[in-house]
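Since the structure comes first, as structure tokens, the remarks are kept for the end.
All of the numbers you see were taken from the coordinates with simple rules; none came from a lab. Computed from a predicted model, the values in this text were never measured in an experiment. Glycine also receives a Cβ, built like all others from the backbone with ideal geometry; neighbour counts cover every protein chain displayed.
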Amino acid sequence: MTNVLLVEDDAAIAEPLTRALGREGYNVRAHGTAQSALDDLAETDLVILDLGLPDMDGLDVARRIRSQGLTTPILVLTARADEVDMVVGLDAGADDYVTKPFRLAELLARVRALLRRVGGDLTDEDELVAQDVRMDVGAHRAFQAKRELQLTAKEFDLLRVLLRDAGSVVSRDALMREVWGGTDAAGSTKTLDMHVSWLRRKLGDDANDPHYITTVRGMGFRFETAAS
Ligand code: CA
């Protein structure tokens with residue numbers, strides 16, 4: 001059973017969302033305040049977090065969750081599109097966001113993507129493809145058209161995560177967690193940028209005019225599904 005913790009004070013959003021998640025087979029625990037949600041973190045596979053809560057800023061809720069060492073994926077709901085950079089890019093620790101008003105189908109797709117990311121289940125991602133880049137995850141091989149790419153282990157993991165979510169932004173935090181197994185902020189930003197730049201070089205991609213890996217400023221990176 002997948003347990004979703006929903007933190008949203010607006011019943012007009014929380015109630016239909018709870019029903020929809022329930023229909024998808026998730027076990028939903030809904031909270032209208034930050035404090036009651038923080039008291040109910042055990043056994044949680046995913047947090048859906050509204051930023052505008054009555055008793056605490058949602059970003060502080062995310063920070064509190066991370067400060068407890070929990071890597072549970074956090075999907076933020078925000079009406080404050082101008083704060084999106086802060087949510088995913090800086091240290092708040094959220095993994096993805098949806099801006100209000102959102103389409104239910106989009107939110108459910110994000111939920112599935114986040115859970116897949118942490119599940120690490122390779123069976124449905126044995127082969128990953130976007131544009132002319134193809135990865136055979138099981139065989140640990142990557143190709144660009146017919147040419148096999150010579151990647152280090154970290155470059156391979158990085159490409160795997162980006163390709164798996166091709167078309168979507170993968171946050172820097174998510175990449176750090178999945179590829180380096182932690183969110184140690186100190187040296188990590190530079191490490192991630194270096195690996196992205198090496199990967200781009202091997203793909204013949206130009207950071208200033210990328211065909212494959214686009215930098216989404218303040219957030220992360222997106223592997224493009226179609227050449228620009
Ligand atoms: Ca609210």
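Modelled spin-label separation between E127 and T99, with each label point placed 7 Å from Cα along the Cα-to-Cβ direction: 3.7 nm.
Counted over the chain, the DSSP beta bridges are approximately 55% antiparallel. Helix 11-23: angle to the longest alpha-carbon principal axis of the chain, degrees 0 to 90, nearest 10? So the helix axis and the longest Cα principal axis differ by about 60 degrees.
Dipole magnitude for the chain: computed about the Cα centre from +1 point charges on Lys and Arg Cβ and -1 point charges on Asp and Glu Cβ, it is near 660 debye.
For the stretch 161-167, 3J(HN,Hα) computed residue by residue from phi via the Karplus equation (6.51, -1.76, 1.60; θ = phi - 60°) reads 5, 5, 6, 4, 10, 3, x Hz, glycine and proline entered as x.
Maximal additional length on extending the T191-T33 stretch stands at 53.2 nm, based on 0.36 nm per residue less the C-alpha distance. Taking a Cβ cut-off of under 11 Å around P210, the surrounding Lys, Arg, Asp and Glu residues balance to a net charge of -2, with basic ones at +1 and acidic ones at -1. Result for the chain in a Gaussian network model with C-alpha springs under 10 Å: among T152, T78, T215, the largest mean-square fluctuation is at T152. Using the Cβ-Cβ distance between A12 and R63 with R0 set to 30 Å, the FRET efficiency works out to roughly 0.65. Eigenvalues of the alpha-carbon gyration tensor of the chain, scaled by 5 and square-rooted, set the equivalent ellipsoid semi-axes at 32, 18, 16 angstrom, largest first.
Residues considered: E127, E24, E178. Largest GNM mean-square fluctuation over the chain, using C-alpha springs under 10 Å, is found at E24. Scanning the chain for trypsin sites (Lys or Arg not before Pro) lying in DSSP loops with no more than 16 further Cβ atoms inside 10 Å, the longest uninterrupted stretch between such sites is 1-79. Each Lys or Arg adds one and each Asp or Glu takes one away; over the other residues whose Cβ falls under 14 Å from the Cβ of T18, this sums to -3. Counting 0.36 nm for each residue step from A79 to T152 and taking away their Cα separation leaves a gain of 22.2 nm.
One chain, two ends: D40 and N3. Fully extended at 0.36 nm per residue, the span grows by 12.2 nm beyond their Cα-Cα distance.
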